[in-house]
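Some notes on the structure that comes next.
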Amino acid sequence: MGQAFRDLQVWHRSMELAAAVYGLSKAFPREELYGLTSQLRRAAVSIPSNIAEGTGRNNVGEFKQFPGVARGSNYKLKLNWNWSRLCNLRIRNRSTRCSAYPRRSGK
């Protein structure tokens with residue numbers, strides 16, 4: 001399986017998502033650096049990381065668990081993104097673009 005993750009569209013989309021989350025979360029208050037900002041960033045990076053790790057496994061059986069973990073991280077990201085909205089942490093004119101990524105990456 002090796003480097004096959006680079007050929008997957010979902011991996012590319014999830015990398016774009018992680019980059020967008022990092023960029024948008026820079027505008028969050030400093031007191032959230034170790035709270036919600038960290039949670040969002042870790043969940044976002046976990047998605048492409050698990051896709052890549054799964055493709056590096058020795059057999060299909062080992063691979064199968066990693067897309068599920070990536071999907072779980074996608075749900076965690078959605079929850080934390082919605083939480084940031086409830087806490088009024090998102091920048092209105094920049095957050096709309098990022099809101100569509102978890103839906104597209106989760107398919």
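The values are calculated or read from the model by the stated rules, or taken from the named source; none is laboratory data. Model, not experiment: these values are computed from the prediction. Every residue, glycine among them, receives a Cβ derived from its backbone with ideal geometry; neighbour counts consider all protein chains shown.
Can you name every residue in segment 76-90 that is farther than 12 Å from Glu32 by Cα, of a type in the set (A, V, I, L, M) and modelled with pLDDT under 90?
Matches in segment 76-90: Leu86 only.
Show the residue pairs that are 6+ apart or on different chains and have beta-carbon atoms under 8 Å apart, the first residue being within segment 2-25 and of a type in the set (Asp, Glu), the second being assigned to a helix (DSSP H, G or I).
Glu16/Tyr101
Tally time: how many residues in segment 35-81 are outside any helix (DSSP H, G or I) and within 15 Å of Phe5 (Cα to Cα)?
Count: 4.
State all residues of segment 30-52 that are surrounded by fewer than 17 Cβ atoms within 10 Å (Cβ to Cβ) and closer than 16 Å to Ser14 by Cα; if no residue qualifies, say none.
Residues of segment 30-52 surrounded by fewer than 17 Cβ atoms within 10 Å (Cβ to Cβ): 30-35, 38, 42.
Residue satisfying the conditions is Arg42 alone.
Scan segment 1-50 for residues that are touching a Pro at 6+ places or on another chain (Cβ under 7 Å) and farther than 23 Å from Asn88 by Cα and report the count.
Result for segment 1-50: 3.
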